[in-house]
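The structure appears below as structure tokens.
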């Protein structure tokens, strides 16, 4: 597996730079929005990548609770952290685009609000992991991940109903997308996926090594205590 | 099953008796909620017309904050003298313990709501334009939604550093759909506009889902070491 890491790294670098060129230069300018629309090539792939990593976190958490496999827990940590980073990118690039196009930074629209709530849930997940120590952390975190995953559909429906009652200025995708734009969007997503998995992989390795180090140190101090 | 319900009953009766004699949780909750009511009345100008629009939010935020005060004390007594460890080694089902604690908290928070409602009516000139009796099922479903997750997360935050801060950090994000439902249902009833059916169904779904998950996962969290 380790041999693939440099390959993935090179692939990520190539894809990211090619996607950047495609997004900023090659992709056609939007008729209505002008160049400002180009942020979509960062916003949307980040959102898809974030949701994918949150899904990975949920699956890994359930796996951990069933199998008690610490590797599954390491996957869960890494996925949650990378997911939060991508979700943050979504929440920052969204308002940057909304300000010139909608004229407002933020609206309590369904997609914005549920993404924000999702972000909040996963930040609380990371805080929980930070504040609890020892071997119970994986169990607590996995339980919270399940609560979070069950909460997401409820959040979505509640806000959907809330907002359909009180309509807000929301601009949907409207008609169909230019195939050239879609092409660049998918290319950009591929680049972001590679980048995401690269970071995720490094973070996972780091987590596993960190735990091995902690175990070794604990054993060492036990041996020392016994010999003295 | 009789063993399950009798363990729940005994634990619940013990908690109620302790609370009746000390009144720790209810007093701190009451005073806290009172403070929130007073502070809110400075922040907003409570006139009858306007307060009907915002009261739903105010009431539930006050109850939520006050409930956190009580929820944080749920396990405080069990930590002293290692009572919680005794629970863990005993053959009693963990779910019975959870149910007893959740029911106890539900009772305490309901008492608080009963005592605070007249104050809200007086301070905010509240008069419901919709059918006021509908507030009762909304309040019961909403309180259970806060309390069932709150009791579960209180058990989780027990295992963390600075546990008193941890509980709201875990509870609030997960409670957002329930809060949205409670606030909107209450506002709809008070202003007499809009239907509450969707919100009641949502609250009931939320309650059922999280009661089941809490019961299923509680033993794992209690035994986590």
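Quick note: the coordinates plus some simple rules give every number you see, no bench work behind them. This is a predicted model, so every value here is computed, not measured. Positions of Cβ are generated from backbone atoms using ideal geometry, with glycine treated the same way; all protein chains shown enter the neighbour counts.
Enter the mean number of other protein chain beta carbons within 10 Å of the beta carbon of each residue in A:108-119, as an integer.
Mean shielding count: 1.
Over all Cα pairs of the stretch B:88-157, how is the pair count split among 5 Å bins, expressed in % and running from 0 up to the last occupied bin?
3, 14, 19, 20, 15, 11, 8, 6, 3, 2, 1
Starting from the Cα of residue A:221, step 7 Å along the direction of its Cβ; do the same at residue A:105; then give the gap between the two resulting points in nm.
Output for this residue pair reads 4.5 nm.
Could you work out how far apart the two model spin labels at residue B:45 and residue B:81 are, taking each label as a point 7 Å from the Cα in the direction of the beta carbon, and quote it in nm?
5.6
To the nearest 0.05, what FRET efficiency results for residue B:219 and residue A:7 with a Förster distance of 51 Å applied to their C-beta separation?
With a Förster radius of 51 Å, E is 0.70.
Between residue A:130 and residue A:208, take the C-beta separation as r, use R0 = 25 Å, and let me know the FRET efficiency to the nearest 0.05.
0.85
To test your reading of the geometry: what angle, between 0 and 90 degrees and rounded to tens, separates the Cα axis of helix A:70-102 from the longest principal axis of chain A?
For A:70-102 against chain A, the angle is about 20 degrees.
Count, for each residue of A:129-135, the Cβ atoms from other chains sitting within 10 Å of its Cβ, then give me the mean as a whole number.
4
In degrees between 0 and 90, to the nearest 10, how far off the longest principal axis of chain A does helix A:179-227 point, with axes built from Cα atoms?
Tilt of helix A:179-227: around 20 degrees.
Would you give the gap between the C-alpha center of the stretch B:149-172 and the C-alpha center of the stretch B:1-25, rounded to a whole Å?
A separation of 22 Å, based on Cα centres.
Hey, any idea what Rg/Rh is for the protein assembly as shown, computing Rh the Kirkwood way over Cα pairs?
Over the Cα atoms of the protein assembly as shown, Rg/Rh equals 1.02.
When ranked by the protection proxy of mean other Cβ atoms within 10 Å per residue, highest first, what sequence do the peptides B:127-133, B:26-32 form?
Top to bottom by mean Cβ count within 10 Å: B:26-32, B:127-133.
Got a sec? How would A:1, B:140 order by Cβ neighbour count within 10 Å, fewest to most?
A:1, B:140
What angle, in degrees between 0 and 90 and rounded to the nearest 10, separates the Cα long axis of helix B:135-157 from the longest principal axis of the Cα atoms of chain B?
Approximately 40 degrees, to the nearest 10.
Given Cα positions, please report Rg to Rh for chain A, the hydrodynamic radius being the Kirkwood one.
Looking at chain A, the ratio lands at 1.06.
For residue B:201 and residue B:38, compute 0.36 nm times the residue count separating them, minus their Cα-Cα distance, and round to one decimal in nm.
Contour length minus the Cα-Cα distance gives 55.4 nm.
Below 8 Å, C-alpha to C-alpha, sequence gap of six or more: please give me the relative contact order for the stretch B:80-225 in percent.
Normalised by residue count, the contact order of the stretch B:80-225 is 34 percent.
I need the per residue convex hull volume for the stretch A:20-154, using only the alpha carbons, in cubic angstrom as a whole number.
Spelled out: Cα convex hull of the stretch A:20-154, divided by residues, is 114 Å³.
Determine, for A:25, A:117, the number of other Cβ atoms within 10 Å of each Cβ, and report the residues in order from fewest to most.
Listed from fewest to most nearby Cβ atoms, that is A:25, A:117.
Per residue, how big is the convex hull of the stretch B:98-225 when only Cα atoms are used? Give it in Å³.
Hull volume normalised by residue count: 105 Å³.
In deg cm²/dmol and to the nearest 500, what is the mean residue ellipticity at 222 nm of chain A if only DSSP H runs of at least 4 residues count, each as -39500 (n - 2.57), divided by the residue total?
-28500 deg cm²/dmol
Given points 7 Å out from each Cα along the Cα-Cβ axis, report the residue A:67 to residue B:119 separation in nanometres with one decimal.
5.3
Stick to the Cα atoms of chain B, pair each with every other, and give me the Kirkwood hydrodynamic radius in Å at one decimal.
Hydrodynamic radius (Kirkwood, Cα pairs) of chain B is 18.2 Å.
Restricting to Cα pairs below 8 Å that are 6+ residues apart, what does the relative contact order work out to for chain A? Please round to a whole percent.
Rounded, it is 34 percent for chain A.
From the helices alone, meaning DSSP H stretches of at least four residues, give me the mean residue ellipticity at 222 nm for chain B, per-run term -39500 (n - 2.57), in deg cm²/dmol to the nearest 500.
-28500 deg cm²/dmol, from helical runs alone.
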